[in-house]
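The values are calculated or read from the model by the stated rules, or taken from the named source; none is laboratory data. Here the structure is a predicted model, which means the values were calculated and not measured. When we count neighbours, we look across all protein chains shown, and the Cβ atoms used for this are built from the backbone with ideal geometry, even at glycine.
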Amino acid sequence: MAGSKDGGWRRKVGEWKEVTISYRDADGHYCACCGKQVARYIYAASMAGATHRFCSPDCADLYEWYWLPRYGNQQRSTTDSTAQERRR
């Protein structure tokens, strides 16, 4: 268990990892919960049999207690499928 910045206690579910940045990386790195672009360090956590990337442990907690019970282990898409169809 680790203390959060608001003084509460939460379960530690992941670890910080450094992101390699390349001009050839078109996808980028985005938080699985809030969608914020992550520039240098990501918080990688395994939940429901999959590893997800977050901008902070707070987003990992929010994803675990809000997103997973409500929507399951669906991946949020950062690209629009109709935009991909237009490119073809």
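Summary table below
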read-out	value
Positions within the range 40-58 being more than 15 Å from residue 21 (Cβ to Cβ) and part of a strand (DSSP E or B), in sequence order	43, 44, 45, 46, 47, 50, 51, 52, 54
Qualifying position, being on the phi > 0 side of the Ramachandran plot, in a loop (DSSP other than H, G, I, E, B) and at pLDDT below 75, among 35, 7	7
Cβ-Cβ under 9 Å pairs, at least 6 apart or on other chains, the range 57-69 side surrounded by 16 or more Cβ atoms within 10 Å (Cβ to Cβ), far side of a type in the set (S, T, N, Q) and modelled with pLDDT of 90 or more	none
